[in-house]
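The values are calculated or read from the model by the stated rules, or taken from the named source; none is laboratory data. From a predicted model like this one, the values you see are computed outputs, not experimental measurements. When we count neighbours, we look across all protein chains shown, and the Cβ atoms used for this are built from the backbone with ideal geometry, even at glycine. Protein only, heavy atoms only, side chains kept; ligands, DNA and RNA dropped before computing areas. Shrake-Rupley method; radii C 1.70, N 1.55, O 1.52, S 1.80 Å.
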Amino acid sequence: MQSTFLAWMFRMPLIKRWALMFCVKPENVAEHSHQVAIVAHLLAVIKNKKFNGKINADRVATVALYHEASETRYGDIVSPTKYANPAIAREFKKIEYLAEQECLASLPEEFQDIFADLIVQDNVEAEYKSIVKAADILVAYIKALDELNHQNHEFDHVEERLGKKIAELQQNMPEVKYFMDMFLQACSATVDKLSTQNK
């Protein structure tokens, strides 16, 4: 009997993010996960090179690639719904855990021990999870800035909410502050500006 694991993962492009909001540029879970992996890897490299970290940047990137794996089963639940109150948040966490277990069970049994530490978020080491979470917030913030640059004020409150979260992250994660200082501004530049910036 063939494994359905890869087929589920390949459905990520079908899962839309920001479901309750108008987006100038629609986004799906596959591209979001890819961007989070890039930013998480970068944060780990910054932490190691600039702030004496001992993080495996490759593992961080891999964890980030799979951090939304549960959404292949039940879709993306927007934050205002997911965290509407503590009781609802707890129930959604249970659903996510069950979905992660279903994803894991779709693999051949001999591989499940390896993927258990990637797909099941409760199994991810706290330091790695915090970097992936920070990357997740940063990517969503960049998305909000991009939508605002296109005059989509649906994202006003998103930029404000995530800006506060990033301010909190910077207090305990110097790699986030370095990221903001070194990389954020260029993410909103036009292709012409990007092409001439380093000349």
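Key figures for this structure:
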{"quantity": "Any hit, segment 15-38, residues being more than 26 Å from Phe155 (Cβ to Cβ) and at pLDDT 95 or above", "calculated": "no"}
{"quantity": "Odd one out for Pro80, checked against (1) in contact (Cβ under 8 Å) with a residue 40 or more places away in the chain; (2) over 16 Å from Arg17 (Cα atoms); (3) open to solvent by 50 Å² or more (accessible area, probe 1.4 Å)", "calculated": "(2)"}
{"quantity": "One residue from Glu96, Glu159 being of a type in the set (D, E, K, R), open to solvent by 30 Å² or more (accessible area, probe 1.4 Å), in contact with a Phe, Trp or Tyr (Cβ under 9 Å, 6 or more places away or on another chain) and free of Cβ contacts under 8 Å to residues at least 24 places away in the same chain", "calculated": "Glu159"}
{"quantity": "Which listed residue is open to solvent by 80 Å² or more (accessible area, probe 1.4 Å), outside any helix (DSSP H, G or I), out of contact with any Phe, Trp or Tyr (no Cβ under 7 Å at 6 or more places or on another chain) and not hydrophobic (A, V, I, L, M, F, W, C), from Gln171, Gln151, Gln185", "calculated": "Gln151"}
{"quantity": "Considering residues of segment 54-76 that are open to solvent by 60 Å² or more (accessible area, probe 1.4 Å) and in contact with a helix residue (DSSP H, G or I) (Cβ under 6 Å, 6 or more places away or on another chain) only, the residue farthest from Met173 (Cα to Cα)", "calculated": "Tyr74"}
{"quantity": "Residue that is nearest to Ile95 (Cα to Cα) [pool: residues in segment 118-132 that are surrounded by 15 or more Cβ atoms within 10 Å (Cβ to Cβ) and not hydrophobic (A, V, I, L, M, F, W, C)]", "calculated": "Gln121"}
{"quantity": "Odd one out for Ala135 among (1) out of contact with any Leu (no Cβ under 7 Å at 6 or more places or on another chain); (2) under 18 Å from Arg17 (Cβ atoms); (3) open to solvent by less than 80 Å² (accessible area, probe 1.4 Å); (4) assigned to a helix (DSSP H, G or I)", "calculated": "(1)"}
{"quantity": "Qualifying residue in segment 24-47 (condition: over 25 Å from Leu148 (Cβ atoms), assigned to a helix (DSSP H, G or I) and open to solvent by 60 Å² or more (accessible area, probe 1.4 Å))", "calculated": "yes"}
{"quantity": "Asn85 vs. criteria over 18 Å from the mean Cα position of the chain (by Cα), surrounded by fewer than 18 Cβ atoms within 10 Å (Cβ to Cβ) and at positive phi", "calculated": "no"}
